[in-house]
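Undergrad: One structure coming up, written as structure tokens, with questions to follow.
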Amino acid sequence: MSGAPLLTTPLLWLAATVGVFAGFDVLSRRSGRHPLCHPVLWSTPVLIALLLVSGTPYATYRAATVPLSFLLGPAVVGLAVPIWRERARIRHLAVPVTLALGAGAITSIVSAVGIMALLGAPRPILASIAPRATTTPVAMDIAGQIGGIPSLAAVIVLFAGVIGAMIATPLLNAVGVRDYRARGFAVGVAAHGVGAARAFQVDETAGAMASLGMALNAVLTAALLSILALLV
Amino acid sequence: MLNAIFLLLACQLSGEALHRLTGVPLPGAVVGMVLLLIWLSVRRRERPALTVVTAWLTAHLTLMFVPAAVGVMEQGAVLSRYGLALVAATVVSTALTMIVTALVFRWAVRRFSEEDVA
């Protein structure tokens with residue numbers, strides 16, 4: 001046997017990450033994709049525990065898993081496809097889509113940052129929660145760019161998605177919005193991909209509108225926050 | 001299939017280049033998304049391979065951000081101090097955003113579209 005010790009090759013942590021995730025993914029599927037069984041929610045603490053037990057620094061783990069995180073970039077670029085696919089609907093619903101998107105993006109940023117600012121949180125934390133409604137890779141990019149902490153942003157965004165997916169049906173029933181286009185769009189704008197996955201379970205139109213809301217909000221929130229960061 | 005993968009990488013690369021060279025404040029990948037959208041509307045045709053590749057990427061998005069989420073292990077101090085506040089702010093913000101978006105959408109459909117909606 002020769003070559004680098006297995007502990008220092010990327011292979012070990014790549015295999016661990018995919019393996020742990022695949023295991024929790026099976027459980028998630030058995031639960032009927034319940035938001036609380038989201039595989040990231042459970043893989044993350046298990047992998048952290050493995051790193052702590054083996055005394056592996058996070059930097060080593062992050063370097064080993066670059067092949068996975070690299071794919072986030074092309075995945076974000078690919079969000080253009082749902083927007084393109086829904087172009088007929090966008091034309092038809094241009095005014096509602098534009099107004100609801102703007103209102104939703106601003107509400108999300110102002111409420112999240114406002115509450116944390118009132119509680120005395122410093123700027124890096126405000127910058128980490130500001131993009132909380134966007135899809136995770138975009139939130140990480142924005143957070144890193146405006147002085148936040150990308151990994152904190154990732155965890156906040158994941159949590160927002162799980163909460164959004166869980167409260168969507170009761171909340172929108174309580175408000176009395178029955179139009180599946182409005183419901184789906186709202187879930188996508190407020191709770192990105194995790195919300196969109198939930199919307200697809202309920203109704204095909206709601207799912208398509210949720211994907212659209214997620215993709216459009218990624219662009220708008222990124223634009224608003226990048227401009228805001230230049231001013232503040 | 002290869003063409004679709006190249007298209008995604010080329011858009012991301014151009015997006016990153018634009019971001020760095022021109023100082024467009026949007027993240028490079030988001031600029032890449034906008035570029036792909038422009039490309040799709042200029043060269044209008046069906047792209048089954050692109051749909052397959054992006055659907056695969058989107059389906060596995062959650063696995064791809066596990067390495068970043070694990071990074072929260074270095075944020076113990078922040079979480080013990082602000083964890084509860086972050087949970088509260090995230091829950092309130094998510095609920096408010098959903099309500100506002102849905103209500104504005106419904107109002108705008110009624111106000112600006114001819115059709116009747118429930």
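Undergrad: Tell me, what is a quarter of the convex hull surface for the C-alpha atoms of chain B, in nm² with one decimal?
TA: Details: hull surface 49.2 nm².
Mean shadow area of the hull around the Cα atoms is 12.3 nm².
Undergrad: Related question: Below 8 Å, C-alpha to C-alpha, sequence gap of six or more: please give me the relative contact order for segment B:1-55 in percent. Intermediate results must be reported in sequence, preceding the final value.
TA: Working: 44 pairs, mean separation 21.9, N = 55.
For segment B:1-55, the relative contact order is 40 percent.
Undergrad: Over all residues in A:91-97, what is the mean tally of Cβ atoms on other chains that come within 10 Å of each residue's Cβ? Don't skip to the answer; put the middle values down first.
TA: Details: counts 0, 2, 5, 3, 6, 11, 3.
Whole-number average of other-chain Cβ neighbours for A:91-97 is 4.
Undergrad: Below 8 Å between Cα atoms, with a sequence gap of 6+, how large is the relative contact order for chain B in percent? Don't skip to the end; give the middle numbers.
TA: Numbers: 48 pairs, mean separation 20.6, N = 118.
About 17 percent, as a whole number.
Undergrad: Can I ask one more? Relative contact order (percent) for chain A, with alpha-carbon contacts under 8 angstrom and 6 or more residues of separation?
TA: Working: 286 pairs, mean separation 40.0, N = 232.
Computed over chain A, the figure is 17 percent.
Undergrad: So how do A:138-151, B:17-30, B:40-53 stack up, highest first, on mean other-Cβ count within 10 Å? Don't skip to the end; give the middle numbers.
TA: Values: A:138-151: 24.0, B:17-30: 17.8, B:40-53: 12.7.
Going from most to least packed, we get A:138-151, B:17-30, B:40-53.
Undergrad: From the convex hull of the Cα coordinates of segment B:1-64, what is the mean projected area in square nanometres?
TA: Values: hull surface 18.9 nm².
Average projection, Cα convex hull of segment B:1-64: 4.7 nm².
Undergrad: Right, another one. Suppose the chain between A:Glu204 and A:Arg178 were pulled fully straight at 0.36 nm per residue; how much longer would it get relative to their current alpha carbon spacing? Intermediate results must be reported in sequence, preceding the final value.
TA: Details: separation 26, 0.36 × 26 = 9.36 nm, distance 1.45 nm.
Extending this stretch completely gives an extra 7.9 nm.
Undergrad: A further question follows. If one puts a single equal scatterer on every Cα of segment A:51-186 and applies the Debye formula without solvent, what log₁₀ I(q)/I(0) results at q = 0.11, 0.22 Å⁻¹?
TA: Normalising to I(0) and taking log10 leaves -0.54, -1.41.
Undergrad: Another question, if that's okay. Suppose the Debye formula is applied to equal point scatterers at every Cα of segment A:1-117; what is log10 I(q)/I(0) at q = 0.11, 0.17, 0.18, 0.21 Å⁻¹?
TA: The Debye formula, applied to the Cα set alone, gives -0.66, -1.06, -1.09, -1.13.
Undergrad: Is there a simple number for the mean count of other chain Cβ atoms within 10 Å of the Cβ of residues in A:39-51, and what is it? Don't skip to the answer; put the middle values down first.
TA: On the way: counts 3, 8, 2, 0, 5, 9, 4, 1, 5, 6, 1, 1, 2.
Mean partner shielding for this stretch: 4.
Undergrad: How large is the Rg to Rh ratio of chain A when both quantities use alpha carbon positions and Rh follows Kirkwood? Don't skip to the end; give the middle numbers.
TA: Details: Rg = 18.9 Å, Rh = 18.8 Å.
Expressed as Rg/Rh, it is 1.00.
Undergrad: Going 7 Å from the Cα of A:Ala88 in the Cα-to-Cβ direction, what parts of segment B:42-60 have a backbone nitrogen less than 16 Å from that spot?
TA: B:45-47
Undergrad: Sticking with this one: Beta carbons within 10 angstrom, averaged per residue: use that to sort the peptides B:99-107, A:85-93, A:44-52, highest first. Don't jump to the answer; show the numbers that get you there.
TA: Values: B:99-107: 23.3, A:85-93: 14.8, A:44-52: 17.0.
Packing proxy ranking, top to bottom: B:99-107, A:44-52, A:85-93.
Undergrad: Given the Cα-Cα distance of A:Ala229 and A:Leu27 and 0.36 nm per residue of separation, how much length would full extension add, in nm? Show your work: numbers first, answer last.
TA: Numbers: separation 202, 0.36 × 202 = 72.72 nm, distance 4.07 nm.
68.6 nm is the gain from fully extending A:Ala229 to A:Leu27.
Bear in mind these aren't lab numbers, they're just calculated from the coordinates by the rules spelled out. These figures come from a predicted structure and were not determined experimentally. Ideal geometry is used to build each Cβ from the backbone, glycine not excepted, and the neighbour counts take in all protein chains shown.
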